[in-house]
Amino acid sequence: MPQDRLMTMEEEAVLILKSHELRKQGKLEEAERITKQMPLQPYLAKFVKDHLGSDFLLNLGWNLAEANAEYGPDWLSK
């Protein structure tokens, strides 16, 4: 899993552009890895947790920094 950390809009924009370029080159796995470095929106993380479980969410490999900031560090175990 990537290091979970909050990012600025500029940092996210750089990752979006990198991911887009990799997709154009057909490097889909690498593009997905780059995309997952961006924090997943808290409401999406909560939806996945509530409907598919914490383990499923963690195994997806998304950056959960924004969800951790919004819901607290122990929200996945509640």
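Computed quantities for the displayed model
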item	result
Rounded Å value of the spacing that divides the Cα centres of region 32-78 and region 12-27	22 Å
Karplus (6.51, -1.76, 1.60) ³J(HN,Hα), θ = phi - 60°, over region 36-52, in Hz, Gly and Pro reported as x	5, 6, 6, x, 6, 4, x, 5, 6, 4, 5, 4, 4, 4, 5, 9, 10
Spin-label pair residue 52/residue 14, simplified geometry with 7 Å Cα→Cβ offset, distance in nm	2.9 nm
0 to 90° range, to nearest 10: angle between helix 9-24 axis and the chain longest Cα axis	60 degrees
Choice from 45, 13, 67 showing the highest fluctuation, given a GNM over the chain with Cα pairs closer than 10 Å	13
Matching label, log10 I(q)/I(0) by the Debye sum over Cα atoms at q = 0.11, 0.20 Å⁻¹ computed from the structure shown, candidates [x] -0.32, -0.97; [y] -0.30, -0.86; [z] -0.25, -0.82	[y]
Residue 30-residue 5 pseudo-label distance in nm [points 7 Å out on the Cα-to-Cβ vector]	2.2 nm
Aspartates and glutamates with Cα under 17 Å of residue 18, excluding same-chain neighbours fewer than 8 positions away	10, 29, 30, 32
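Any read-out appearing in this document is the output of simple, stated calculations on the displayed coordinates, not a laboratory observation. Nothing here was measured: the structure is a model prediction, and the numbers come from that model. Using ideal geometry, Cβ is built from the backbone for each residue, glycine included, and neighbour counts are taken over all protein chains shown.
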